[in-house]
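Asks: Questions regarding the structure given below will be posed in turn.
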Amino acid sequence: MTWAASGEDVREIFRRAVEKDERNYAVRDQYTFREESVVEFLDKDGRTKSVERQTKEVLFYDGTQLERLVAKDGKPLSERQAQKEKERIDREIAKMKRESPSARAKRRGESAAALKEETEGRRQVMEAFDLTLKGEQVVAGRPCWLIHGKPRVGYQPKGRRADQLKKFQGDACIDKATSDWMRLEMETT
């Protein structure tokens with residue numbers, strides 16, 4: 001068991017973040033947020049060949065997550081590209097508005113099933129990974145715990161996608177005050 005400087009158990013910090021995430025999902029239809037992703041492509045020696053950065057606006061409509069690209073490689077989209085993204089989202093929403101009751105129920109059921117699977121996956125992380133406190137880090141002006149996770153030797157996955165957990169390791173920055181995920185960096189093992 002690894003203890004944070006304040007005497008808190010790292011698993012407890014992680015558990016609170018998972019629970020906070022689940023509460024956020026319960027009210028997600030009321031919010032829009034931005035998500036930034038950075039993907040580094042490595043050569044055979046582990047050196048960075050190229051980096052792809054994307055910023056997306058994430059919104060929800062009737063229980064379905066929609067993502068609108070707003071920037072690539074740190075640069076806002078051109079007016080033309082931004083308009084195309086807006087039109088794409090507008091078309092998706094219009095399509096949902098025209099759905100038959102059975103199609104809407106099917107889509108909502110698929111969204112609920114995906115959310116349940118994602119929630120279960122987050123819960124399994126605590127079983128699937130050895131978690132250690134690497135230190136503290138400030139992210140977006142917020143003091144965070146920096147927690148490293150690596151696959152636990154002997155972990156037996158539960159669920160059809162859980163075996164994927166054995167293929168990743170990485171770091172999570174969790175806001176000390178709010179238990180929000182501030183940054184997640186993962187790599188394949």
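Asks: Looking at Ala82 and the list (1) within 26 Å of Arg16 (Cβ to Cβ); (2) at pLDDT 85 or above; (3) surrounded by 14 or more Cβ atoms within 10 Å (Cβ to Cβ); (4) of a type in the set (A, V, I, L, M, F, W, C), which single condition is not satisfied?
Replies: (1)
Asks: Could you look through the range 39-79, keep only residues that are touching a Lys or Arg at 6+ places or on another chain (Cβ under 8 Å), outside any strand (DSSP E or B) and modelled with pLDDT under 90, and pick out the one that is surrounded by the fewest Cβ atoms within 10 Å (Cβ to Cβ)?
Replies: Applying the filter and picking the extreme gives Asp43.
Asks: Let me ask something else about it. Can you find even one residue in the range 93-104 that is surrounded by 13 or more Cβ atoms within 10 Å (Cβ to Cβ), not small (Gly, Ala, Ser) and not in a helix (DSSP H, G or I)?
Replies: Yes: one or more hits.
Asks: May I pose another question? Regarding the range 3-21, can at least one residue be identified that is under 22 Å from the mean Cα position of the chain (by Cα), touching a residue at least 12 places away in the same chain (Cβ under 8 Å), under 23 Å from Asp180 (Cα atoms) and exposed (fewer than 14 other Cβ atoms within 10 Å of the Cβ)?
Replies: Yes: one or more hits.
Asks: Okay, moving on. Out of the residues in the range 113-146 that are surrounded by 14 or more Cβ atoms within 10 Å (Cβ to Cβ) and among the basic types (Lys, Arg), state the one that is farthest from Lys20 (Cα to Cα).
Replies: Here the answer is Lys134.
Asks: Taking the range 147-189 only, how many residues are surrounded by fewer than 17 Cβ atoms within 10 Å (Cβ to Cβ) and either in a helix (DSSP H, G or I) or small (Gly, Ala, Ser) (or both)?
Replies: Looking only at that region, the number is 8.
The values are calculated or read from the model by the stated rules, or taken from the named source; none is laboratory data. Note that this is a predicted model, so its numbers are computed, not measured. All Cβ positions, glycine included, derive from the backbone under ideal geometry; neighbour counts span all protein chains shown.
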